[in-house]
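Below you'll find the structure, written out as structure tokens, and then a few comments.
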Amino acid sequence: MNFLYRLFFILLISLGTSFFSSALNSNTGDLTKYENLYLVQGVYSDQKIEGLPTNFKLANRRFTKIVSLSYDSKDKIMRFKPLKKGNATITFLDPKTDNVIKQFNIYVAKSELQRKAHEVEDLLKTVEGVNIKVINDKIVVDGLIVLPSDMNRIASVIKQYPDSVSLVRLSPLAYQKISRRIEQEINNPDVYVKSINGWFIIEGQVATPEEKTKTIELASAFIPDQVVQFAESGPDGARLNVRKRKTVPIIDNLKIKIPPPGPPPPEPKLFQITVHYVELQKDFSKGFRFQWTPTMLTNTEVSAGIGGAITQPIAAIQATISNLIPRLDWAKEHGYARVLQSGSLLVKENVIGKLNSKESIPYQSFSEGQFGSTKTEYLDVSFDLTVQPKLKNPRSDQIDLNLGFVLEQSSGSSAGPSKTGNSISTEVTVRSGHSAAVGGIIKSAHSKGFNRLPTSVPANPLFKLFTSKNFSSGHSEFVVFVTPQVRHSASDNVDKIKKKLRLKR
């Protein structure tokens, strides 16, 4: 039994394969071998078949109830005589190879109008949603089409058949399908397209104005031409049911997305700049003088006495000796002075900070004239600091400083007070919390004198014995120190200051 089943299965496969091969061979080849033939009952049709041998072979004879055949071998013309309404297929084969020579799809109608209806149906078979009927001696083309471009094809076919009329309309589902197609091409989950009364409404959100413009242009490419209810004359006189749109039926309701708020920008760094001005003055003077310059001053007086008759004058000579005692002067003086002034300033990064301190020092001045008077005047001295800090690198503690300093001081003299000033302008880089000497001025002066004649020596002394020696030196240094430090807030170290000043609040 198993052997019989296997043999039956092999025979079945062989028969199926041969049948499929013959069907494939019969349906492949030149498409011109296949033709539709529309006939009217009782009206024959002659068709010339090229290459048809006299002893041709028919695939089957099922068509004999619908149509009869007669062949003129001399002129090679086949006459088809329709017998009754119906459809049939007539296939002419080569008797040697069984290859298809010609095949006719026969459509037999009772009247000429039905024949034309079959022709119209054949011409419009590629148009989806169209139905062809014969009603009241008219070929009626009715239905709902999806593609607006098919309307022109329908109009062109109807033009060839005067007894035909078109009732085809554009399906409302067509606009919905176009809307879905536009959404697929846009490919943005935040954009939606819907159709209402022939208008396409685009809603949703896009990221940028450029994306919005691109979306509208892409949707415009899918908008179909306008379908009119009644045909209009074209440039060549043809009646067309489709015309180009003058305006694109798109309602733009797209909005630009508001980007989410990003992280707040980093707060600018806060720097504390501390500046110390140090000026050190050191003076030294030493003097020695020995002076012995006696001087004689003579005074002669003449006097007369009155008594009796004779008056006689009496002359007296007097002499005065000054600077008789030798004079010895010796002095040695040391002078030290240190001036220290400091300033501190909180300033943000890349901001110019300024600090100014001003002092007015009063002094008395005398006016000349018969009625001399005194008045009080003021000498202004100031301390100025200008600084602009900036971090050299956000991940380092190197601070670039653009600095400017001015320090003025007053000094007294017999002629009145005077003012001295020192200023520095520079750019330096200092690490946070470190100090640097950014500038300084050094002054040094020395003087010596030997045997200088003092102003108190008389003009004609009896003799001169004089010797002197003077020495003086002065040294002055002015140095500026700067200390920058990064602070997290302006309230840093406030507690330390309160504790130092013993403040409870």
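Please name all residue pairs, on different chains or six or more residues apart, with Cβ atoms under 7 Å, provided the first residue is in segment 259-280 and is buried (at least 19 other Cβ atoms within 10 Å of the Cβ) and the second residue is part of a loop (DSSP other than H, G, I, E, B).
Qualifying pairs under 7 Å: PHE271/GLU349.
How many of the residues making up segment 408-449 are at pLDDT below 80, part of a loop (DSSP other than H, G, I, E, B) and open to solvent by 40 Å² or more (accessible area, probe 1.4 Å)?
5
Under 6 Å by Cβ, and 6 or more places apart or on different chains, what pairs join a residue from segment 156-169 that is over 13 Å from ILE145 (Cβ atoms) with one that is buried (at least 20 other Cβ atoms within 10 Å of the Cβ) and of a type in the set (Lys, Arg)?
TYR161/LYS116
Checking THR91 against (1) modelled with pLDDT under 85; (2) open to solvent by less than 30 Å² (accessible area, probe 1.4 Å); (3) not in a helix (DSSP H, G or I), only one condition comes out false. Which one?
Of everything listed in (1) modelled with pLDDT under 85; (2) open to solvent by less than 30 Å² (accessible area, probe 1.4 Å); (3) not in a helix (DSSP H, G or I), THR91 misses just condition (1).
Could you tell me which of the residues ASN36, ASN27, ASN55, ASN2 is out of contact with any Pro (no Cβ under 7 Å at 6 or more places or on another chain) and modelled with pLDDT of 50 or more? Spell out how you get there, then give the answer.
Details: ASN27 fails: modelled with pLDDT of 50 or more; ASN55 fails: out of contact with any Pro (no Cβ under 7 Å at 6 or more places or on another chain); ASN2 fails: modelled with pLDDT of 50 or more.
Of ASN36, ASN27, ASN55, ASN2, the one residue that is out of contact with any Pro (no Cβ under 7 Å at 6 or more places or on another chain) and modelled with pLDDT of 50 or more is ASN36.
The values are calculated or read from the model by the stated rules, or taken from the named source; none is laboratory data. Note that the structure is predicted; figures quoted are calculated from it, not measured. Don't worry about glycine lacking a Cβ; one is built from the backbone with ideal geometry, like all the others, and counts go over all protein chains shown. Just so you know, the surface numbers come from the protein's heavy atoms only, side chains and all, with ligands and any DNA or RNA stripped out. Shrake-Rupley method; radii C 1.70, N 1.55, O 1.52, S 1.80 Å.
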